[in-house]
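Student: Here it is: the structure, laid out below.
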Amino acid sequence: MNRQKNSNQFQCMARQRSIFSFFLVLLATFLISCGGPSVTVAPPTYTATQLERIQAYVPEIQAVRDRSQELKSLIQKGDWINVRNFIHGPITEARLNLTYVTPNLLPKDQPAARKITRDLFNDLVKLDKATSAGNPQVALSNSQAAFADIDKFLDLLPKTEES
């Protein structure tokens, strides 16, 4: 009988040890997961070179943006030759500048910048077609869309002390 009693006590203690071990493992896992060294990754930032490259193009892009009323006036007058000159000159150059700036943006902003540049190109094609057809309403609408695209692109650019 003593042997059976000792055997039951041993089984009970073994069970208690396994439950106790289980809780110790849970506690250790929890503490390790919560108390480990925290590795924080700094958000991507612009290098001085990237900022310099971007800022080299901003004044030219902004100068074209500031001429939106000039294009609107040309369209309203029906001066289609000068409208086409404006489309194929300053605005197309601004679009090229957008493509030069895009690779210098943060990786998360580059897809949006490429989409805006494509949208600007499409708006310029529509504007050119409206100009060829002599349609002032469509031309005005597409010129406003083109300048809105430029505004969206400028909003993606990093803000500096100068801007």
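The values are calculated or read from the model by the stated rules, or taken from the named source; none is laboratory data. Because the structure is predicted, anything quoted here is derived from the model rather than measured. For neighbour counting, all protein chains shown are included, and Cβ atoms are generated from backbone atoms with ideal geometry for every residue, glycine included. These accessible areas exclude ligands, DNA and RNA; they are computed on the full protein's heavy atoms, side chains included. Shrake-Rupley method; radii C 1.70, N 1.55, O 1.52, S 1.80 Å.
Student: Kindly indicate whether any position in region 146-154 is open to solvent by less than 20 Å² (accessible area, probe 1.4 Å) and within 21 Å of PRO44 (Cα to Cα). Can you show your working first?
Tutor: Kept after step one, since they are open to solvent by less than 20 Å² (accessible area, probe 1.4 Å), are these residues of region 146-154: 146-147, 149-150, 153.
Those left that are additionally within 21 Å of PRO44 (Cα to Cα): 153.
For region 146-154, residues open to solvent by less than 20 Å² (accessible area, probe 1.4 Å) and within 21 Å of PRO44 (Cα to Cα): present.
Student: Something else now. Out of ASP155, ASP123, which single residue is part of a helix (DSSP H, G or I), of a type in the set (Asp, Glu) and in contact with a Ser or Thr (Cβ under 9 Å, 6 or more places away or on another chain)?
Tutor: Sole residue among the options that is part of a helix (DSSP H, G or I), of a type in the set (Asp, Glu) and in contact with a Ser or Thr (Cβ under 9 Å, 6 or more places away or on another chain): ASP123.
Student: Would you tally the residues in region 83-109 being part of a helix (DSSP H, G or I) and either open to solvent by less than 40 Å² (accessible area, probe 1.4 Å) or among the β-branched types (Val, Ile, Thr) (or both)?
Tutor: So in region 83-109, the residues part of a helix (DSSP H, G or I) come out as 83-104.
Then keep just the ones that are either open to solvent by less than 40 Å² (accessible area, probe 1.4 Å) or among the β-branched types (Val, Ile, Thr) (or both); that gives 83, 86-87, 89-92, 94, 97-99, 101-102, 104.
Final tally of qualifying residues: 14.
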